[in-house]
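Trainee: I have a structure here, written as structure tokens, and I will follow up with some questions on it.
Derivation of every value follows stated rules applied to the coordinates shown; laboratory data play no part. On a predicted model such as this, the values are computed, not experimentally measured, just so you know. Cβ: placed from backbone, ideal geometry, glycine included. Neighbour counts: every protein chain shown.
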Amino acid sequence: MGGLSVITLREGADAERVRRALVGLGMWVSPLRAHGDEASRQLLVHEYSAAVDPDRLLAIEGVASVGESASAHPRLDAQAPVVEVSGHRIGAGEPTTWMAGPCSVEAEHQIGALAARLAGLGIHFLRGGAFKPRTSPYAFAGHGHEALRWLRRAADAHGLKVVTEAMDGEEAGAVAEVADLVQVGSRNMHNYTLLRAVGRTGRPVLLKRGMAATVEEWLQAAEHCLVHGAPSVVLCERGIRSFDSCTRNVLDLGAVALLANVYHLPVIVDPSHGVGRRDLVAPLARAALAAGAAGILVETHDDPGSALSDGPQALLPEDLSALVGRG
Ligand code: PEP
Ligand code: MN
């Protein structure tokens, strides 16, 4: 045994005794599922465990079977196809989840007024960056902790949930205190320290795909969050880099169809960052839903011309209204 393996225990086995026996043999193990009846019946044996003959493992009282894991992200595979975030269900067979709001939370009155408009349109999650990853160090980087408070207040006043980004481990706890869903941005998908810190907050995670990440890397990044304590991960396709710059990115709807229809994972699509221009956001959102997306995340602004970030891709609330009506 060298790779990631799964040990299944017999019904009624003493899971703690089995675990101790495995640890005694130099194995590193963790439960495959974090919760539920099955939680202690299936154990993952980590790759860096000592190599032990499977027959020795099968000889441990309570062990029913030992096998290689078919996947590098078994916990994500074991996640239910529909996940619950503060009582809101996201996934196949559920009504489309809508997430909307400005790229950056710019001012308390702005987010408050926008939240009122969005709630009226049936939007479920209010989004907005308080901590903004920016390519240029001279660009607006967000109002930080103050913006988190504005966002939560605006959402609470209108019965909305909050999704917002954590950029580093130090502030993950503060973000998780106000966010129903903690976003990890594209630029941070490979930041394993952050994935761990966000997982440890115990909040569900919205994991954006790295702009040059393969689907497999993306799914293993989700696995990091789950291993470290996230109750669930919702994936967010937001466009990948390509040779062609005619649109901001290339929205990978093939990956969305794969994840939704073959892997049965909840995927949200962000056409705003995917395409970078407002006139193409609605057609791509509709295409994403046709491909199996569980929901759509759209940057929305009351005055896109004056937005502090990503104005060219922001929809006006009235444009969003037409889109949601068709969703
Ligand atoms: C965002 O959604 O605010 C954002 C920065 O997007 P991305 O990480 O996909 O670039
Ligand atoms: Mn943006």
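Trainee: Label GLU108 and VAL52 with points 7 Å out from Cα along Cα→Cβ: what is the distance between them in nm?
Mentor: Each label point is offset 7 Å from its Cα along the Cβ direction, giving 5.8 nm.
Trainee: Here is a follow-up. Select from CYS225, CYS246, CYS103 the residue whose mean-square fluctuation is largest in a Gaussian network model of the chain (Cα-Cα springs shorter than 10 Å).
Mentor: Largest GNM mean-square fluctuation: CYS246.
Trainee: To continue, here is another question. Only Cα pairs under 8 Å and at least 6 apart count here; give the relative contact order of the chain as a rounded whole percent.
Mentor: Across the chain, relative contact order equals 14 percent.
Trainee: Label-point separation (nm) for GLU68 and ASP168, each offset 7 Å from Cα along Cα-to-Cβ?
Mentor: Those two pseudo-labels are separated by 4.1 nm.
Trainee: Given springs between every Cα pair under 10 Å in a Gaussian network model of the chain, which of GLU11, GLU223, GLU94 has the largest fluctuation?
Mentor: Comparing GLU11, GLU223, GLU94 in the GNM, the peak value goes to GLU11.
Trainee: State to the nearest 20 debye the size of the charge dipole of region 5-68 about its Cα centre, where the only charges are +1 on K and R beta carbons and -1 on D and E beta carbons.
Mentor: Using Cβ point charges on Lys, Arg, Asp and Glu, region 5-68 gives about 140 debye.
Trainee: Still on this structure: Based only on Cα atoms, what Rg/Rh ratio does region 5-68 have, Rh being taken as Kirkwood's radius?
Mentor: A ratio of 0.91.
Trainee: Right, next: For the chain, restrict the atom set to alpha-carbon positions and state the Rg and Dmax in Å.
Mentor: 21.2, 69
Trainee: A further question follows. May I ask you to give the average projected area over all directions of the convex hull of the Cα atoms of region 69-109, in nm² rounded to one decimal?
Mentor: Mean projected area of the Cα convex hull: 5.3 nm².
Trainee: Length gain on complete extension for the stretch LEU25 to ARG149, per 0.36 nm per residue less the alpha carbon to alpha carbon distance?
Mentor: Roughly 39.7 nm would be gained on extension.
Trainee: For TYR138, TYR192, what's the fewest-to-most ordering of other Cβ within 10 Å of each Cβ?
Mentor: TYR138, TYR192
Trainee: Helix-derived [θ] at 222 nm for the chain: sum -39500 (n - 2.57) over DSSP H runs of at least 4, divide by residue count, nearest 500?
Mentor: So the helix-based figure for the chain works out to -10000 deg cm²/dmol.
Trainee: Tell me, what HN-Hα J-couplings in whole Hz come from the Karplus equation 6.51 cos²θ - 1.76 cosθ + 1.60 at θ = phi - 60° for each residue of region 200-209, using x for Gly and Pro?
Mentor: The phi angles translate into 5, 5, x, 8, x, 10, 9, 9, 6, 6 Hz.
Trainee: How large is the convex hull of the Cα atoms of region 29-160 per residue, expressed in Å³ as a whole number?
Mentor: Residue-normalised Cα hull volume stands at 186 Å³.
Trainee: Given the convex hull over the Cα atoms of region 92-193, what projected area results after averaging over all orientations, in nm²?
Mentor: Mean orientational projected area (region 92-193, Cα hull): 7.2 nm².
Trainee: Rank these for me by crowding, ILE90, ILE240, going from fewest to most other beta carbons within 10 Å.
Mentor: With the sparsest Cβ surroundings first, the list reads ILE240, ILE90.
Trainee: Sticking with this structure for a sec: Once phi is turned into ³J(HN,Hα) by the Karplus curve 6.51 cos²θ - 1.76 cosθ + 1.60 with θ = phi - 60°, what whole-Hz value does each residue of region 26-34 show in order, with x for glycine and proline?
Mentor: Working through the residues one at a time gives x, 9, 9, 10, 8, x, 5, 10, 7 Hz.
Trainee: Given C-alpha coordinates of region 253-295, what is the ratio Rg to Rh with the Kirkwood estimate of Rh?
Mentor: 0.99
Trainee: Now a separate question. As a footprinting exposure proxy, order PHE140, PHE125, PHE243, PHE131 by other Cβ within 10 Å, with the fewest listed first.
Mentor: Ordered by Cβ neighbours within 10 Å, fewest first: PHE243, PHE140, PHE131, PHE125.
Trainee: Let me know the Kirkwood hydrodynamic radius for region 180-296, please, with Cα pairs as the basis and the value in Å to one decimal.
Mentor: One over the average 1/r among Cα pairs gives 14.1 Å for region 180-296.
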